1. Please tell me if E15 is loosely packed, with under 14 Cβ neighbours inside 10 Å, without any contact (Cβ under 8 Å) to a residue 40 or more places away in the chain and assigned by TED's automatic domain parsing to the domain that holds A92.
2. Just for the stretch 18-75: of the residues that are hydroxyl-bearing (S, T, Y) and assigned to a helix (DSSP H, G or I), which one is farthest from P96 (Cα to Cα)?
3. With respect to S130, is the statement that it is in contact with a Leu (Cβ under 8 Å, 6 or more places away or on another chain), exposed (fewer than 14 other Cβ atoms within 10 Å of the Cβ), at pLDDT below 65 and outside any strand (DSSP E or B) true?
4. Could you list all residues from the stretch 59-79 that are buried (at least 17 other Cβ atoms within 10 Å of the Cβ) and under 19 Å from F9 (Cα atoms)?
5. Which ones in the stretch 22-57 are at pLDDT 90 or above, of a type in the set (G, A, S) and either farther than 18 Å from R7 by Cβ or surrounded by fewer than 17 Cβ atoms within 10 Å (Cβ to Cβ) (or both)?
Amino acid sequence: WDDPRYRHFHDILQEVWRRYGRPIFVAETGTEDHQRATWFNYVCDEVAIALTQGIPVHGICLYPIINHPGWDDDRHCCNGLFDYPDAFGNRAVYQPLAEALLLQQKRLAASEETNYAIKKHRPDLLVPSSMGVRVSTTSTFNEPVHPQPESFFS
């Protein structure tokens, strides 16, 4: 964090919330090698701070879930929760990240701030009618929900 350009992640989340006024989902949370658990804990700690500030962060995606070949050089990128499969199809679990994931899931699920942010800013879901569910959606968190005409789903 010695770089003068560094900004805390919760400050970035606050900026995004102010700009767009929509619930936030944090994606692509991974880093490589032995920093995986430390980085994931940092992201979750920063989200917890953002939640106490009333910023509606509705989820954090653990990405990637599986180690993969490098984009440019096919090197073994150790950045997932699971490694490549062995000859029997079994995948080793990177235990420090598994422990961090379990800890953060329990911590954030038990947080009153998490529950409040999700209840207060829960957007309605738009689901195709082929799934048999029709729920209208809003453009902003405070826009009233209006039923959509039947042709909207056709």
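The values are calculated or read from the model by the stated rules, or taken from the named source; none is laboratory data. Keep in mind that this is a model prediction, so the values were computed, not measured. Glycine gets a Cβ as well: all are built from the backbone with ideal geometry, and neighbour counts include every protein chain shown.
1. Against the criterion (loosely packed, with under 14 Cβ neighbours inside 10 Å, without any contact (Cβ under 8 Å) to a residue 40 or more places away in the chain and assigned by TED's automatic domain parsing to the domain that holds A92), E15 qualifies.
2. Y20
3. Here the answer is no, as S130 does not meet what is asked.
4. I60, L62
5. Result: A27, A37, G54.
Each row is one residue, and each column tells you yes or no for (1) under 26 Å from K120 (Cβ atoms); (2) without any contact (Cβ under 8 Å) to a residue 40 or more places away in the chain; (3) aromatic (F, W, Y); (4) in contact with a Leu (Cβ under 9 Å, 6 or more places away or on another chain).
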{"residue": "Q35", "(1), (2), (3), (4)": "no, yes, no, no"}
{"residue": "C44", "(1), (2), (3), (4)": "yes, no, no, yes"}
{"residue": "C61", "(1), (2), (3), (4)": "yes, yes, no, no"}
{"residue": "A98", "(1), (2), (3), (4)": "no, yes, no, yes"}
